[in-house]
Structure formats: structure tokens, C-alpha cells
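Any read-out appearing in this document is the output of simple, stated calculations on the displayed coordinates, not a laboratory observation. These figures come from a predicted structure and were not determined experimentally. Cβ placement follows ideal geometry from the backbone for every residue including glycine, while neighbour counts extend to all protein chains displayed.
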Amino acid sequence: MYSDRALVIGAGFAGLLAARVLAESYGDVVLVERDAISPDTGYRAGTPQACHPHALLARGAEALETLFPRLGEEMEDAGAVRADLGSDFLIRGPSGWAPRDYLGLSVLSMTRVMIERIIRGRVLRLPNVSLVDCVAVDGLLHDRGTVTGVHGRRGDRPFADYADLVVDASGRDSKLVSWLAEFGVHCPAPMIVNGHVTFTSRLYEVNRDLKLDWKTAFEITHAPDARRGGSVSTVDGDQWFLTLFGADGDAAPTDDDGFLDYATTLHCQDIAEIIKTATPVSKIYQAGNLRSRWNRFHQVPNWPRGLLALGDSVMSLNPVHGQGLTLAALNCTTLRTLLQEHDLSSEPLVFQRAIARTAKIPWTSATTSDLGWSARKLPLGTRLLRWYTGRAFEGVPGNRRVYHAFIRVSQMLDHPAALFRPAVLFRVLLGRTLSGRRPRATER
Ligand SMILES: Cc1cc2nc3c(=O)[nH]c(=O)nc-3n(C[C@H](O)[C@H](O)[C@H](O)COP(=O)(O)OP(=O)(O)OC[C@H]3O[C@@H](n4cnc5c(N)ncnc54)[C@H](O)[C@@H]3O)c2cc1C
């Protein structure tokens with residue numbers, strides 16, 4: 001144990017994982033959360049994104065399993081649906097349908113509410129972790145370059161608490177940059193790439209009369225032409241989580257008729273069929289202006305001692321790529337490794353630099369794709385990368401090898417360099433000469 005007390009701002013996904021890791025090194029770990037939390041808490045104001053589907057990538061599931069042994073089993077027992085990324089997925093890219101042979105690589109589908117509830121249950125059972133809810137943190141306490149705690153409000157009463165280490169995990173709307181500026185620590189302007197993406201989502205009861213041969217269907221948006229896409233996953237046992245994507249400013253309407261009309265413009269007609277025939281169990285939710293933003297805290301030379309930041313507070317990504325949970329989990333496995341050798345409250349930049357290195361790959365993949373919507377001339381490297389990934393996308397429908405490589409990279413299991421291995425490179429450059437099986441799905 002380094003010292004007594006660590007405090008985490010935000011009991012969302014990253015905050016819970018951070019508390020789990022800190023509990024190994026600190027005697028007392030306190031999660032401070034703005035929302036009211038009970039064991040059954042479901043949808044809540046602090047995580048509005050929970051009204052939209054949350055894919056947990058294979059790499060993220062692996063990282064979670066190291067923090068919470070047998071978590072996957074617990075999730076399946078609670079109703080999470082296991083799906084093979086080949087045979088159980090119906091994927092439509094800009095140039096056609098992906099092959100559907102069995103891959104032997106599976107992911108779990110569940111609502112974000114279920115993921116968080118299960119993890120929260122595990123974390124709050126740790127004897128040295130506690131949660132103080134209904135507290136809105138509105139600033140940091142500090143003393144000569146060291147963060148010593150937080151202040152805020154609990155209802156209409158002032159709140160303050162002290163700690164040897166404060167971790168900001170307050171998500172994509174974190175106010176950390178302005179809290180730091182209040183005591184003279186200035187951060188570089190964040191990097192922002194905006195694909196002007198909108199998610200419009202609704203939950204349905206599974207309609208067993210519809211005979212579908214997949215568990216997840218996904219139609220991908222892709223610059224410069226495919227502005228519309230959608231996805232449906234079977235979640236929590238008996239529900240379909242359905243989302244319509246719009247990129248480059250396009251967005252599905254939130255009224256019943258408009259939602260259906262938008263879905264009928266997709267290639268994957270199963271999505272419209274579900275909207276027509278299944279019973280909705282939620283209203284239609286919309287999240288717009290979804291962009292990627294990177295706060296480069298690792299470049300702040302006078303970053304205070306006693307403070308770390310992780311999760312969306314550092315980097316929030318266009319969620320269409322489904323990387324946010326995985327990146328947060330990787331932040332926390334890095335935290336665990338570094339805490340074995342460093343007192344991070346006195347060397348916080350060791351942590352911020354390490355997670356910045358991990359973040360480069362998801363950042364590049366999310367933003368290279370979104371920059372395709374931009375009207376300005378892109379740097380040569382970005383154009384080449386876009387050309388090659390566009391070419392690889394074209395190769396997917398006719399080529400299992402390319403598809404498998406793509407899936408492993410998009411699940412963050414392999415480095416993107418895997419797409420340039422000779423066996424893949426050859427097929428990508430050769431184009432669609434080998435034909436793949438087409439899946440059974442109604443074409444428009
Ligand atoms: C529409 C949408 C869809 C998404 N889909 C996916 C997906 O498919 N797959 C995926 O991996 N990721 C997805 N994401 C991203 C994912 O939601 C985030 O990456 C993840 O939630 C980050 O966790 P976090 O703990 O950093 O933030 P959050 O989970 O947002 O948690 C932040 C917490 O801090 C609390 N808080 C905020 N301010 C304060 C304060 N001042 N005082 C006290 N508490 C505070 C909040 O109440 C909340 O509990 C999606 C995001 C969006 C917007």
C-alpha cells in the first residue's frame with residue numbers, strides 16, 4: 001500500500017474499473033458520483049449513452065476478464081448473448097456483405113445498463129471500496145502543485161473530501177480542463193475530429209415469428225458515400241437493441257414513421273422488418289454530434305501531482321467503432337501494471353503518457369475513417385491509409401482471409417499492421433476476384 005486513500009470522480013464504466021485496480025494499492029478507495037445509485041439502478045442521467053447499444057470488443061472482454069475473473073460467465077448467466085463474429089453476424093460494408101463462415105471468435109451482446117450493473121456489483125463488494133452518490137464535483141482541492149481532494153455539492157450542501165490520489169473518470173463531458181485552469185495548469189487545445197454522426201436507437205421485444213439467421217446485423221457507414229447505416233443486436237436474452245446511424249450530418253427521425261422510412265433506405269432490410277413487426281419497449285432516443293476528442297494531458301509539463309485522468313475524460317471516440325469501453329478497460333490494466341512499480345501520485349505523467357501510447361491506434365482508426373467526410377485536403381499519409389482501407393473494404397465480400405484480418409483488427413486483437421501482412425496485402429491489391437458466400441438476408 002502506498003498510502004491511505006484514493007478518490008475517483010465518476011462511478012461510470014472507467015471509474016468502476018479504476019476503483020477495482022486502486023483497491024489493490026490503496027487502503028481506502030472512494031467513488032464519488034453525481035447520480036443516485038442503488039443496486040438496481042438502470043438508465044440514469046449521468047450516462048445518457050446507455051440508451052444506445054454498447055458493443056464490447058473481444059479485446060475489451062479479455063481485459064475485463066483479467067480484472068474480474070469469470071465475468072463473461074456471469075454476464076451470460078444474466079442474459080448476455082454470445083455471438084460468433086462470422087456465423088452469427090450479418091455485416092454489410094460499402095461494397096457488399098461479409099462472408100459468414102464460423103470464425104471461432106465470439107463477443108457478448110448486452111445493454112450498457114447490464115454491463116455496468118454487473119461490474120458495479122463486483123466492485124462494491126470489495127471491502128475497501130465505497131461509493132458516495134448524489135455528489136456533483138465542481139473543482140479540485142490543491143496545495144502547491146499537488147491535488148489533495150475535490151469539492152462540490154451534495155444536494156444543497158457543500159461537499160469536500162481529501163485523498164492522496166484523485167482520478168478523474170467523469171466521462172466525455174468532464175470539466176477537468178477548466179478545473180485545472182483555475183489553479184494555473186493549462187492544457188493544449190483538444191484534438192477534435194467530427195464525423196457529425198448521429199445514433200437513433202430503440203429497444204424492441206424479440207419477435208420470434210421473424211425467422212432470422214443472425215444475432216447481430218450491422219450495416220456500416222463509410223465516407224464518402226455510405227452516410228446511412230444501422231445495427232441490431234440481440235441483448236439481455238430477449239430484446240433487440242436497434243440503432244440507425246447517420247454520418248456527415250444525416251440523422252434518422254425520432255418519430256415512428258420517419259424512423260421506419262429511414263430504415264427502409266438501408267441495404268439490410270431485416271432492420272426495417274424488425275421495426276415493422278416487433279413491439280417497442282422504449283421510446284426512440286437520439287444522440288447527435290458524436291465526434292472524437294483527445295485531451296492531451298500527457299503533454300502538460302506542470303501536470304499536478306496527486307491527479308490522474310482516464311476513460312472518456314481523456315479520449316472520447318466516435319462510438320460507431322465501439323472502442324470506448326475497451327479503451328477504458330485498457331487504461332485500467334495499464335494502471336494496474338504501473339502501480340506495481342510507480343507511486344503514480346508523485347509520477348502521474350508516467351501513467352498519462354502510457355495511456356496516450358495505447359490510445360494512438362484507436363484514435364487513428366476512428367479519425368482516419370471520419371476525416372473522409374471532411375471537405376479539406378487531407379495529409380498524404382491519411383489519404384494513403386484511407387485508400388488502402390477502402391480497398392480492403394472492397395475485398396471483404398469476396399474474401400474470407402481479408403474479412404478475418406479486418407475483424408481481428410477492428411476487435412483490437414491485432415495491430416492494424418496485420419492488414420499489411422503479405423497474405424492480406426496480396427488479396428487486397430488483387431481485389432474481388434475470389435467470390436464469397438452471400439448471406440441469407442433480404443436485399444433492397
Ligand atoms: C451514443 C454512444 C454509443 C456508444 N457505444 C459504444 C459502444 O458500442 N462500445 C463502446 O465500447 N463504447 C461506446 N460508447 C462509448 C462509451 O459509452 C464510453 O467510452 C464509456 O462510457 C466511457 O466510460 P467513462 O467512465 O469514461 O464515462 P461514463 O461511463 O460516461 O461515466 C462518467 C460518470 O461520471 C459521472 N460524473 C460526470 N460528471 C461528474 C461530476 N462533476 N461529479 C460526479 N460525477 C460525475 C457521470 O454521472 C457518470 O457516472 C458509446 C458512447 C455514446 C455516446
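For the range 261-370, the alpha carbon positions stretch 58, 28, 20 Å along the principal axes, listed from largest to smallest. For Lys211, a cut-off of 16 angstrom between C-alpha atoms picks up these lysines, skipping any fewer than 8 places away in its own chain: Lys276.
So which trypsin sites (Lys or Arg not before Pro) in the range 234-328 are both in a DSSP loop and have at most 14 other Cβ atoms within 10 Å of their Cβ?
Here the trypsin sites (Lys or Arg not before Pro) that fit, given the DSSP loop and packing criteria, are Lys283.
In plain terms, the chain from Ser95 to Glu341 could stretch by 83.7 nm, reckoned as 0.36 nm per residue minus the Cα-Cα distance. The range 295-331 to the range 90-134: how many Å between their Cα centroids? Using only Cα atoms, the two centres lie 19 Å from each other.
Over the range 192-290, what is the relative contact order in whole percent, taking alpha-carbon pairs under 8 Å and six or more residues apart?
Once divided by the residue count of the range 192-290, the mean separation gives 42 percent.
On full extension, the segment bounded by Glu24 and Ala78 gains 16.7 nm, given 0.36 nm per residue less the C-alpha separation.
With the Kirkwood sum run over all distinct C-alpha pairs, the range 1-122 has a hydrodynamic radius of 16.3 Å. By other beta-carbon atoms within 10 Å, ranking Thr279, Thr216, Thr358 with the fewest at the front produces Thr279, Thr358, Thr216. Tell me, rounded to the nearest percent, the portion of alpha carbon pairs in the range 192-290 spaced more than 20 Å apart. The share of Cα pairs beyond 20 Å in the range 192-290 comes to 32 percent. Just so you know, the Rg over Rh for the chain is 0.97, from Cα atoms, with Rh as the Kirkwood radius.
With a Förster radius of 45 Å applied to the beta-carbon distance between Glu205 and Ile361, the computed FRET efficiency rounds to 0.75.
Take the Cα of Gln299, step 7 Å toward its Cβ, do the same at Thr146, and the gap between the two points is 3.0 nm. From largest to smallest, the equivalent ellipsoid semi-axes obtained for the range 312-364 from the alpha-carbon gyration tensor read 23, 10, 8 Å. Taking each DSSP H run with n ≥ 4 as -39500 (n - 2.57) and averaging over every residue of the chain yields -9500 deg cm²/dmol at 222 nm.
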